[in-house]
Amino acid sequence: MMLRSLPFVSILFFAMGCVTPYEPLPPLGTNVGVGRLDADEEALWKQSRELQYQIEVSGLLFEDPKLDAYLSKLLQRVTPPELAEASLTPQARVVSNVNIHGYSFANGVIYIHTALLSRMQNEAQLAALLSRELAHIVHRHALRGHRDKRLRADTLAWIGVGATLVDGGGEAKLLAQAASITTAAGFHHHLETVADEKGLAILHDAGYPVQSTLGLYEASLTHLAEVHAQGIWGWAPFTPPPQISARISGYETLIARDYARKKPSRSPMADTAGFRRRVHTATLRQCDLELAVGLFISAETCARLATESRPTDPNGWMLLGRALAGQRSRPIEGKRLPSLKAVRNAFEQVLILDVRHADATRELGMSFYRTTGTQRTPDASAEARRYFRRYLQLAPAAGDGDYVRGYLRELEAEAR
């Protein structure tokens, strides 16, 4: 997926419809639920299941049994009683995607992109996201949007925009299609306010501090600003999307009005450090995705989170080294370049943890082989030769072995 795809889902994440609201639908519960749905709602649930299957077989889902179990346990904690009364058991799944996003289907399945999960600071922020999506599910907002022709037209227009922005093939189109029948495209401000109020109530009843909702949106803003700085418009100041600013302001009002004197009834299941360890694998995956689209500053952020949560995992250090090296290869005006020493330190840390790590060995060799406009010193040449030889010992059948042998021949000729 190319970098120009980033605005599409980021815009969808925070878009709000401008639809004239209907009379409220009865919420899911004793009288409305599995086996007691309207005909068009049953059709929407069927369409949701079919699309979810397509997403699953496409390879977009990020699968980690321990992370899945953690999400399931957390979702059980925040699920309101109305859904049990409706015989609906919600599910949370992680989508491997570079865009920051989270949304839900009418049938109770919540999708969280690795970008959003990796940027959350604690479990309470994850609970805030789940609670708000559960509020949409309880109030059947996806059905409301599906029934409103104007909202459907607006969403399809966004999908048309996405087709021009996204260069990610079928996977990107699947996610764009998901936007048409989920909460992704947003709703009329009245429905969003309903979801805000219900989401805060769910979060508070589950024992979490409602202020964590503000942190979730602020973390998203920070990420969007970071991505903006790396794009073609990075020279211009970042302006927060008005929808996000309005959402934060709305939450501040609701929290001050309804929760100023209320305290969480229970403590979160894990502290910040514990939470970061639980989402460690998703953080690594997000770092990989950001490296692939050239978001080297964002990749550094992810990699540092990974090295902090599990400092003994060489994968985090490897990704950090690549993110720092990437910044040096593609400088951004006004952004201070990481030092070559910092790049090497990251790869050296990999070898401290795994002395036979071939990729880190090669990257260290490349760090000495590359020049930056000055002649390579004899010491640098000797280090490059040492690491390249070691790499070929560790990975004799490597796909890039011929290239490395060519570098060695050049260095050996240089040393004569």
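Since every read-out is calculated from the coordinates, none of them should be taken as a lab result. As the structure is a prediction and not an experimental result, all values here were calculated from the model. Cβ: placed from backbone, ideal geometry, glycine included. Neighbour counts: every protein chain shown.
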Looking at the square roots a ≥ b ≥ c of the eigenvalues of the Cα gyration tensor of segment 222-356, which shape do they give, rounded for a/c under 1.5, prolate if a/b is larger than b/c, or oblate?
-> oblate
For segment 235-302, what class follows from the C-alpha gyration tensor (a ≥ b ≥ c being the square roots of its eigenvalues): rounded when a/c is under 1.5, otherwise prolate if a/b is larger than b/c, else oblate?
-> oblate
In the structure shown, do any of Lys73/Lys341; Lys262/Lys335; Lys66/Lys263; Lys198/Lys335; Lys73/Lys263 have a Cα-Cα gap over 32 Å, and if so which?
-> Lys73/Lys341; Lys262/Lys335; Lys198/Lys335
Karplus couplings for segment 100-109 from phi (6.51 cos²θ - 1.76 cosθ + 1.60, θ = phi - 60°), rounded to Hz, Gly and Pro as x?
-> 7, 6, x, 6, 9, 8, 4, 8, x, 8
Pop the C-beta distance of Val355 and Glu410 into the FRET formula with R0 = 41 Å and round what comes out to the nearest 0.05.
-> 0.95
Can you list residues whose amide H is under 5 Å from Val95's amide H, if they're 5+ apart or on another chain and H is modeled 1.01 Å from N?
-> Phe62, Ile112, His113, Thr114
Starting from segment 199-286, pick out the trypsin sites (Lys or Arg not before Pro) whose DSSP state is loop and whose Cβ has at most 12 other Cβ atoms within 10 Å.
-> Arg261, Lys262, Arg266
So, relative contact order of segment 35-99 in percent, Cα under 8 Å, 6 or more apart, is 38 percent
Rounded if a/c is under 1.5, else prolate if a/b is larger than b/c, else oblate: which is segment 195-276, with a ≥ b ≥ c the root eigenvalues of its Cα gyration tensor?
-> oblate
Simple spin-label estimate for Asn31/Asp68, 7 Å along Cα→Cβ, in nm, reads 3.8 nm
Each label point is 7 Å from the Cα along the Cα-to-Cβ direction; what then is the distance between the points at Arg389 and Glu42, in nm?
-> 7.5 nm
